[in-house]
Every structure is written in C-alpha cells, then in structure tokens.
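These notes concern the structure reproduced below.
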Amino acid sequence: MATIYLDTCTLRSWRDGDEFSLSEQANNRKIWDRVRDFFPHPYTVRDASSWIRMNRSYQQPVNLAIDIGGKAVGNVGFTIKEDIYRHNAEIGYWLGEAHWGQGIMTEVLPAMVNYIFVNFQVNRLFGCVLEGNKVSMRVLEQAGFRAEAILKKAAIKNNQYLDEHIFALLREEFVARQGSISMAGKQ
C-alpha cells in the first residue's frame, strides 16, 4: 500500500469502495476528450470495479487514487515501457472537473515523479498531451518536464487528427533540481 499525504489531497492505493466515486468523477465527456480512448465513456460502476480490481493486483502500485475528503476524485499513474525502452515510463493523470483550477495536479505530479524515481528503475519519464490541453502542458512544465517534441497529427480523437505534445524528465534532471530523491511523504 502506498500513501502520500499532500496539502491539497492524499495519493493512495485504489481500494474496494472507490467504485462509486470513481465512476461519478470519471463519467465526464470533458475528461474523456483529453485522454486516450481506452478510458471508457460513459464510465460505469462496472468499469470502475474492473479498474480497481486490476490495480489491487499489483504488488507495488503504479496508479494512485487522488483522494479528497475520503473520496477518489482522480488518478495519477504510469506505465513502464518494454524492450529497449524498459527504463522509460509514461506518466498520465486526470482529475474530476469539480476540482480543476485548485492547484491539485501541480502538487500531485511532483509527488508522483518522486514516488516513481524512488521505487522503480526509471531513467526517463514522459507525458503525452493532446493539442489544445494547455493546462496539462503547464502542469508538466511546473513539475520540471521539458517540451521534447510535437508529433504532428499523430493522434485521432473525436474523428479529428491532433498534434501530440511530448514532455520528458530525466532522473538526473530531477535529482539536480531536487538535490536528491526524497523519501518524504512515503508512508
């Protein structure tokens, strides 16, 4: 179990009982428009149950619930790549619309980056953002990620070709910024 206490929220492992708040928060077209198509829409309690069951099967969590007031209102997680990319991980996140604009993701992302570098053999973290999602791009930049590439019309969402913006952060860049990798917040 992983728990990281922050000022605006708590990051914690997904648990049974999160199904209803997860489906309530995730069942939002504005969120779906900004994420990959594997994220269901509409987002049902059954989808939520499946997500929670999958995440509970990991020995070391790779997805953490963003908890506010005892309710799961979003997710931050990562996927470690394979083969020659095995020391790369893609970070992703979403937050329920009622919590947008409150600085939550600005606090969550650096905490998750630290969690990843402390607990996993990752050398490069990267995030992919669809064109038009300037808020998400800014969150990555504030967490120390740098714009690395724009893949022109590389993604299709809502039957439109969109540019994909790639942001990256190397372990050495994170350590140089932080001075070290901190175990703070790990419970």
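The values are calculated or read from the model by the stated rules, or taken from the named source; none is laboratory data. A quick note: this is a predicted structure, and the numbers were derived from the prediction, not measured. Backbone-built Cβ (ideal geometry, glycine too); neighbour counts: all protein chains shown. The area values use the complete protein model at the heavy-atom level, side chains included, leaving out ligands, DNA and RNA. Shrake-Rupley method; radii C 1.70, N 1.55, O 1.52, S 1.80 Å.
Residue count for the stretch 104-137, restricted to those that are free of Cβ contacts under 8 Å to residues at least 40 places away in the same chain and more than 21 Å from residue 39 (Cβ to Cβ): 3.
Residues of the stretch 94-104 being among the hydrophobic types (A, V, I, L, M, F, W, C) and open to solvent by less than 20 Å² (accessible area, probe 1.4 Å), which ones?
Taking the stretch 94-104 first, the residues among the hydrophobic types (A, V, I, L, M, F, W, C) are 94-95, 98, 100, 104.
Once the filter is applied, which keeps residues that are among the hydrophobic types (A, V, I, L, M, F, W, C) and open to solvent by less than 20 Å² (accessible area, probe 1.4 Å), the stretch 94-104 yields 95, 104.
Scanning the stretch 15-30 for residues that are open to solvent by 10 Å² or more (accessible area, probe 1.4 Å) and of a type outside the set (D, E, K, R) turns up 17, 20, 21, 23, 25, 27, 28.
Restricting to the stretch 89-132, name every residue that is within 18 Å of residue 65 (Cβ to Cβ), in a helix (DSSP H, G or I) and of a type in the set (A, V, I, L, M, F, W, C). Hits for the stretch 89-132 are 98, 104, 105, 108, 109, 111, 112, 113, 116. In the stretch 118-158, the residue that is modelled with the lowest pLDDT out of those that are farther than 24 Å from residue 96 by Cα, open to solvent by 70 Å² or more (accessible area, probe 1.4 Å) and not hydrophobic (A, V, I, L, M, F, W, C) is 121. Can you find, within the stretch 17-75, the residue that is modelled with the lowest pLDDT among those that are basic (Lys, Arg) and in a helix (DSSP H, G or I)? Here the answer is 56.
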